[in-house]
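The values are calculated or read from the model by the stated rules, or taken from the named source; none is laboratory data. The structure presented is a predicted model; accordingly, all values stated were derived computationally and were not measured. Reconstructed Cβ throughout: ideal geometry from the backbone, glycine too, with neighbour counts over all protein chains shown. Each accessible area value is taken on the protein alone, full model and side chains, heavy atoms only, with ligands, DNA and RNA left out. Shrake-Rupley method; radii C 1.70, N 1.55, O 1.52, S 1.80 Å.
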Amino acid sequence: MATHRTFTMLKPDAVEKGHIGAILEKISASGFKIVAMKLTQMTQADAETFYAIHKERPFFPELVTYMTRGPIVAAILEKENAVADFRTLIGATNPADAADGTIRKLYAASISENAVHGSDSDENAAIEGAFHFSGREQF
Ligand code: CMP
């Protein structure tokens, strides 16, 4: 089976709480290869663009404030069936609904501050990865 790529962010709450190492360890132990990674911070314009699909949702202003309040870890991950397997690993959007052992069950506080992002399709993984990384930052 061909390998595929997905895009992730360890969100500001996860970084603030010192969970970068534990989450990256879980990602690696689950068979994902890190092919791009950086500590960075989104500007308001970055977050508004990245989350444009949620523009009309009532939580959009809160989402932009949250995602810009501190550094994130952005990464591109490679594995067979990367998009679906990574969404299984992170668990449901709302940590209250997330399965035991998932990253959100372990590290997320709420539906709004849910520790980690995972792309929802191969197409969006490519778009989101290109949003954060130039070609020569991807290996
Ligand atoms: P994610 O699924 O990675 O991308 C959209 C984000 O919006 C989501 O994670 C949460 O951080 C946030 N979000 C989704 N639903 C809600 C909600 N009902 N209330 C507040 N924030 C939300």
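In the condition set (1) more than 16 Å from the ligand (Cβ to nearest atom); (2) open to solvent by 50 Å² or more (accessible area, probe 1.4 Å); (3) under 13 Å from the mean Cα position of the chain (by Cα), K26 is compliant with all but (3). For segment 1-19, a residue qualifies if it is assigned to a loop (DSSP other than H, G, I, E, B) and either more than 20 Å from A109 (Cβ to Cβ) or within 16 Å of the ligand (Cβ to nearest atom) (or both), and the qualifying residues are M1, A2, K11, K17, H19.
Residue check: L89 meets all listed conditions (1) within 15 Å of the ligand (Cβ to nearest atom); (2) free of Cβ contacts under 8 Å to residues at least 24 places away in the same chain; (3) not charged (D, E, K, R) but one, namely (2).
All of R69, R57, R87 fail the test of being open to solvent by 20 Å² or more (accessible area, probe 1.4 Å) and in contact with a Pro (Cβ under 6 Å, 6 or more places away or on another chain), apart from R69.
Being open to solvent by less than 50 Å² (accessible area, probe 1.4 Å), within 17 Å of A47 (Cα to Cα) and aliphatic (A, V, I, L, M) holds for only one residue in A74, A82, and it is A74. Looking at I127, is it modelled with pLDDT of 95 or more, open to solvent by 20 Å² or more (accessible area, probe 1.4 Å) and among the aliphatic types (A, V, I, L, M)? Judged against the criteria, I127 is a match.
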